[in-house]
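The values are calculated or read from the model by the stated rules, or taken from the named source; none is laboratory data. Keep in mind that this is a model prediction, so the values were computed, not measured. Positions of Cβ are generated from backbone atoms using ideal geometry, with glycine treated the same way; all protein chains shown enter the neighbour counts.
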Amino acid sequence: MHPRNRQRKNASAMKLVGALVARFRIAAGLTQRQLAEQACAQPETIASIEQGRRTLLPPLARVLDSLLDTKGTLETAVDNMPEVDLIPAWAEQYMDLERSALALSFFANQVLPGLLQTEAYARAVFGSRVPAFSPEEIDTHVSNRLERQEIMRRTLPPTTSFIISEAIVRAPLGGPVVHEETLRHLRACADLPGFALQIMPLDRATHAALDGPFILLETPEYQRIAYTETQRGSQLISDPDEVSILSQKYAMLRTQAHNVEDSKGLLDRLLGEL
């Protein structure tokens with residue numbers, strides 16, 4: 001089966017599983033928020049699953065089967081989902097952690113982190129994908145990316161730190177109009193409380209993270225987790241020794257990058273050159 005057809009089949013399966021969750025929840029006399037509280041999940045997660053926009057992962061499926069007394073129905077449905085996901089399981093796991101994180105630290109060297117992307121920039125990112133996404137697939141991915149940014153508008157948003165390569169802010173991804181919009185968006189974000197944006201200069205003679213981008217995350221239980229991305233997959237890292245190594249890298253990156261005020265100045269200069 002062609003990959004795009006498998007993705008469409010998977011989207012239909014996600015809607016079917018979501019409809020089952022909604023039916024079982026209503027039969028149990030629970031609201032989405034009540035079910036989320038009992039399952040130790042976010043209400044937005046339950047809503048997205050029921051709407052077919054988010055994959056129900058096996059651990060949560062088992063919890064819901066127990067709470068809703070569905071005798072393994074949801075776990076069986078998840079186990080028989082098509083192999084190709086619109087959003088892979090590892091990305092789902094990270095995004096669930098991201099929604100409730102106390103603190104997030106990003107290092108990026110090729111493309112802006114999703115939490116910093118405008119809609120136009122996100123469309124340029126997904127429009128650059130090889131093999132190409134269909135227009136419908138691009139719409140879905142852009143919508144999911146913008147939905148993630150809701151955490152930045154929480155009453156108590158996470159403490160966030162971004163270190164991004166100067167190459168990212170200089171690259172006119174999406175064209176001149178999108179580039180200017182992106183720079184203005186970054187400059188506005190740089191003034192938000194609890195938000196630190198640092199730019200890694202291109203003329204560095206040393207660099208603490210030549211192995212590539214990564215994210216550090218602190219959970220509400222004060223557990224530190226890392227997340228790394230590669231061309232064909234990504235992984236969550238919970239081993240304390242491995243997380244410590246990445247934390248040391250991030251600490252060094254913060255000393256090598258422009259400080260917050262100098263980074264704002266660089267954005268101002270780039271905007272002045274347009």
request  = Starting from residues that are crowded, with 19+ Cβ neighbours inside 10 Å and not in a loop (DSSP other than H, G, I, E, B), keep the ones in the stretch 37-47 and report whichever is farthest from the chain's Cα centre (by Cα).
outcome  = I46
inquiry  = Tell me whether the stretch 249-257 contains one or more residues that are surrounded by 17 or more Cβ atoms within 10 Å (Cβ to Cβ) and assigned to a strand (DSSP E or B).
reply    = no
request  = State all residues of the stretch 21-45 that are closer than 21 Å to T140 by Cβ and at pLDDT 90 or above; if no residue qualifies, say none.
outcome  = V21, A22
key: Hey, R129 in contact with a helix residue (DSSP H, G or I) (Cβ under 7 Å, 6 or more places away or on another chain) and either in a helix (DSSP H, G or I) or not assigned by TED's automatic domain parsing to the domain that holds T182 (or both) or not   = no
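Check whether at least one residue in the stretch 178-196 is of a type in the set (V, I, T) and within 30 Å of L274 (Cβ to Cβ), and report yes or no.
Yes; the residues of the stretch 178-196 include at least one that is of a type in the set (V, I, T) and within 30 Å of L274 (Cβ to Cβ).
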ask   = Taking the stated definitions as given, is Q256 in the same structural domain as S105 (by TED's automatic domain parsing), at pLDDT 95 or above, in contact with a His (Cβ under 9 Å, 6 or more places away or on another chain) and over 20 Å from V125 (Cα atoms)?
value = yes
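Among the listed residues L202, L236, L210, L246, which satisfies the condition of being surrounded by 12 or more Cβ atoms within 10 Å (Cβ to Cβ) and either in a helix (DSSP H, G or I) or without any contact (Cβ under 8 Å) to a residue 60 or more places away in the chain (or both)?
The match here is L246.
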Inter-residue pairs, beta-carbon under 7 Å, first of a type in the set (A, V, I, L, M) and in the stretch 252-264, second part of a loop (DSSP other than H, G, I, E, B), 6+ apart = M252/A208; L253/A208; L253/A209
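Every residue, every condition in (1) at pLDDT 95 or above; (2) exposed (fewer than 14 other Cβ atoms within 10 Å of the Cβ), yes or no:
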{"site": "E150", "(1), (2)": "no, yes"}
{"site": "A171", "(1), (2)": "yes, no"}
{"site": "V177", "(1), (2)": "yes, yes"}
{"site": "I215", "(1), (2)": "yes, no"}
{"site": "A226", "(1), (2)": "no, no"}
request  = Report those helices (runs of 4 or more DSSP H) wholly inside the stretch 48-125 carrying at least 3 residues which are at pLDDT 90 or above and farther than 29 Å from L210 by Cα.
outcome  = 58-68, 73-79
